[in-house]
1. On a straight-distance basis, which aspartates and glutamates could pair with residue 188 in a cross-link, Cα separation under 13 angstrom, same-chain partners fewer than 8 positions away excluded?
2. Which ³J(HN,Hα) values in Hz, rounded to whole numbers, follow from the phi angles of the stretch 67-84 under the Karplus curve 6.51 cos²θ - 1.76 cosθ + 1.60, where θ = phi - 60° and Gly and Pro get x?
3. Cβ neighbours within 10 Å, averaged per peptide: list 306-316, 220-230 in order, most packed at the top.
4. What percent do you get for the relative contact order of the stretch 190-342 when only Cα pairs under 8 Å and 6+ apart count?
5. Could you list, in their original order, any pairs among 149/251; 80/163; 241/302; 51/239; 190/254 whose Cα atoms are separated by more than 29 Å?
6. Based on the alpha-carbon gyration tensor of the stretch 101-160 and its eigenvalue square roots a ≥ b ≥ c, which shape applies: rounded if a/c is under 1.5, prolate if not and a/b is larger than b/c, or oblate?
7. What are the residues whose amide H is under 5 Å from the amide H of residue 163, where those residues sit 5 or more places off or on another chain and H is modelled from the backbone?
8. Could you work out the local net charge near residue 187, counting Lys and Arg as +1, Asp and Glu as -1, over the other residues with Cβ closer than 14 Å to its Cβ?
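Nothing in this text is a laboratory measurement; each read-out follows from the coordinates by a stated rule. Since the structure is predicted, the reported quantities are computational estimates derived from the model, not experimental observations. Using ideal geometry, Cβ is built from the backbone for each residue, glycine included, and neighbour counts are taken over all protein chains shown.
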Amino acid sequence: MTSSFSKPLLEILSILPKQTWNSSLTRGLTQQKTSVGIRQCRNFSCHGGSKKRKTTQLKDMLTSPDLEFIMEAHNGLSAKIVQEAGFKGLWGSGLSISAQWGVRDSNEASWTQVVGAVEFMSDATDIPLLLDADTGYGNFNNARRLVRKLEDRGIAGACMEDKLFPKTNSLHDGRAQPLATIEEFSLKIKACKETQHDPDFCIVARVEAFIAGWGLEEALRRAEAYRNAGADAILMHSKRKDPSEIEAFMKAWKNQGPVVIVPTNYYTTPTSHFRDMGVSMVIWANHNLRASVMAMQSVSAKIYKEQSLEGIQNQVTSVKEIFRLQNDQELVEAEKKYLPSN
C-alpha cells in the first residue's frame, strides 16, 4: 500500500533515531493522516448513501444534460428533511442561515459561524451541499481559506458573488449594490481553484450585474471572464418578476458552460421554460425558512391567544418524528453495544 506521507518526509524519518518516531513530528503526521481521513469520509458520505464523493455528485449535477434542482436548508434538521423529500442537493442559503440566528444577510454572521452551520448540514445528509458563500467573506485570501475549511467539512462547493464585502441581499429594493471589478473577482476565483485539493470541488461564480442595474453586456462580459478564470458554473441572478433578463443572457451565452438560476421573484415561469433555455440548475433558495416562519408565527399566536395546546396538535409534528429525524435509534443501538451492561 502506498504511504500517504510525502517522499521528503519519509526520507527525513528514515535518518532519524528510531525513538524519534514517537516525537511530536510523528504525532503531527498521524494527525494529518487522520484529518485527511475524516475529510474523505465526510465527502464520501461514509454513513451511507452514494459511493461518489459529494463534490463529484455536485459537479455531475452541474454538467448533467438534464435540468437539476437543489433546495434550501439552513440547519441539520432542514437539510435532512430536504434529502428525505428526494432532492439530490442542498443550497446552504446565506439569507436563511443568517435569518435563523436573527441577524441580517449582510455578513453579520461570521464566516466561521456559517462554516459551523453547514458542517452540521453535511454531517446529517448524504447529498452534496453548495454553500451561498456571499463574496467569500473578504478578498482572495479570505476566500481561499474558506475553500480549505469547506473541503475539510465535506462541503461540495461554494457560490461566490461579485459584490463588495460586506454584501447586501440582492432582493432589497432601492439599495446600492456595488460590484467588484472583473479583474479582482476573476483573480479571487483563480485563487480558490488553485487552493482546492479535490478537483471536483465546485466554485460557482454568481454574477450580480442585473441586480446592480448594469445590463446584459456587462453581465455577459463578467460571466465570460469568470468562466475563463476557472469557475465551474455561472449563477446569473435577476430580481425581475419575469425571466426576460435570464432569457437574454442565455441567448447571448450560447451554452459556454453550466448556468444556475434562482427564480425566487419570477416564480410563475414554467419550469419547462428553464429547460428550453438550456439552464443547468435551479435553486429553490429560501422557501423552507419562509415556510418555517409562517408555521411558527401561526402556532405561537394561537397558543398565546388560547393559552392551550389543544388547538394546535394537528399543526405540529410529533415528538417521535423529531427523534426519528435526529437518528435517535442509532444512539439506542450504540448504547447497547458500547455501554457496559449492569
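1. 134, 161, 162
2. Once θ is set to phi - 60°, the couplings for the stretch 67-84 become 6, 10, 9, 10, 10, 5, 9, 9, 6, x, 5, 5, 4, 5, 4, 4, 4, 5 Hz.
3. Details: 306-316: 9.6, 220-230: 19.2.
Those peptides, ordered most packed to least, come out 220-230, 306-316.
4. Numbers: 142 pairs, mean separation 22.9, N = 153.
Once normalised by length, the contact order is 15 percent.
5. Values: 149/251 37 Å; 80/163 31 Å; 241/302 34 Å; 51/239 38 Å; 190/254 23 Å.
From 149/251; 80/163; 241/302; 51/239; 190/254, over 29 Å: 149/251; 80/163; 241/302; 51/239.
6. Details: a/c = 1.97, a/b = 1.22, b/c = 1.61.
It comes out oblate by the Cα gyration axes.
7. 180
8. On the way: positive: 144, 188, 190, 193, 222; negative: 162, 183, 184, 194.
So the environment of residue 187 carries a net charge of +1.
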